[in-house]
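S.K.: I am attaching a structure below and will ask some questions about it afterwards.
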Amino acid sequence: VPSSNLCTEILLNTSDEETAVCNLGSVNLTAHIQDGELNEELIAQTVRTAIRMLDNVIDINFYPTPEARNSNMRHRPVGMGVMAFQDALYKLRIPYSSQEAVEFADRSMEMISYHAILTSSELAAERGAYESYQGSKWDRGLLPIDTVDLLEKERGGHLTLDRSSKKDWTPVRESIAKHGIRNSNTMA
């Protein structure tokens, strides 16, 4: 398939000089449920470790083509995803098709996103931002949660979705403004 990123978990660019590469990891939500609730401290610990390890993979990986290596080294994309979502709902006694399940999805994804982005920014303080960071949405102070507003403008105001947030994103924004971010993508 010409000009395709077959790993559609994260959208990556491909060109004559670069072939997109996926560096993916998953958080097992069931393993993070303790005493009948999602343990954010444990999620943060897992995500922090996973982002650091995925960033290390970029440096030690075998690349089958120079274009794949160029892309991965330049943009350093990683993607944290989840697994065992339904199992976590079962463990919490939440019906899959309920509003409570939607709220659990929002809460758990926001936790993972928050800690993935913050960890990547902390890595940038230690190891430097990714090569193509300048001019990126990150560099312009736009987090993924901010891009919904851009999408709405592009579509002429036809988005109806909950944009509320449970976390205070100020520390993440401040860290990115100060250090940048190590990975062009953090979520899958």
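S.K.: Considering only protein heavy atoms, what per residue accessible area in square angstrom results for the chain with a 1.4 angstrom probe?
M.R.: Computed with neighbouring chains in place, this is 58 Å² per residue.
S.K.: With charges only on Cβ, +1 for K and R and -1 for D and E, what is the dipole size of the chain about its Cα centre, in debye, rounded to 20?
M.R.: Computed about the Cα centre, the dipole is about 160 debye.
S.K.: May I pose another question? What residues have an amide H closer than 5 Å to that of Met187, excluding those fewer than 5 places away on the same chain, when H is modeled at 1.01 Å from N in the peptide plane?
M.R.: Met80
S.K.: Relative to the first principal axis of the alpha-carbon coordinates of the chain, what is the inclination of helix 40-60, with its axis defined by its Cα atoms, in degrees from 0 to 90 and to the nearest 10?
M.R.: Helix 40-60 and the main axis of the chain meet at about 20 degrees.
S.K.: Here's a follow-up. Which GluC sites (Glu not before Pro) in region 62-147 sit in a loop by DSSP (not H, G, I, E or B) and have at most 14 other Cβ atoms within 10 Å of their own Cβ?
M.R.: Passing sites in region 62-147 are Glu131.
S.K.: Using a ≥ b ≥ c from the Cα gyration tensor of region 1-112 (square roots of the eigenvalues), is it rounded, prolate or oblate, where a/c under 1.5 gives rounded and otherwise the larger of a/b and b/c decides, a/b for prolate?
M.R.: prolate
S.K.: Compute log10 of I(q)/I(0) for the chain with the Debye formula, placing one identical point scatterer on every Cα and leaving out solvent, at q = 0.08, 0.14, 0.15 Å⁻¹, to two decimals.
M.R.: For the requested q values the scattering log ratios are -0.28, -0.86, -0.98.
S.K.: For the chain, the longest stretch holding no chymotrypsin sites (Phe, Trp or Tyr not before Pro) located in a DSSP loop with at most 10 other Cβ atoms within 10 Å is which?
M.R.: 97-188
S.K.: Here is a further query. Among the trypsin sites (Lys or Arg not before Pro) in region 150-188, which ones are in a DSSP loop with at most 11 other Cβ atoms within 10 Å of the Cβ? Mind listing them?
M.R.: Hits after loop and neighbour filter: Arg155, Arg163, Lys166.
S.K.: Could I ask something else about it? Hey, can you grab everything whose amide H is under 5 Å from the amide H of Asn28? Only 5+ residues off in sequence or another chain; H modelled, so Pro and N-termini drop out.
M.R.: Here the answer is Met83, since their amide H atoms fall under 5 Å of that of Asn28.
S.K.: Separate question: Could you give each residue of region 155-166 its phi-based ³J(HN,Hα) in whole Hz, using Karplus coefficients 6.51, -1.76, 1.60 with θ = phi - 60°, and x for Gly or Pro?
M.R.: 8, x, x, 10, 10, 10, 8, 6, 10, 5, 9, 8
The values are calculated or read from the model by the stated rules, or taken from the named source; none is laboratory data. The structure presented is a predicted model; accordingly, all values stated were derived computationally and were not measured. Neighbour counts are summed over all protein chains in view; Cβ atoms, including those assigned to glycine, are modelled from backbone coordinates with ideal geometry. We work out accessible area using only protein heavy atoms, side chains counted, and drop any ligands, DNA or RNA first. Shrake-Rupley method; radii C 1.70, N 1.55, O 1.52, S 1.80 Å.
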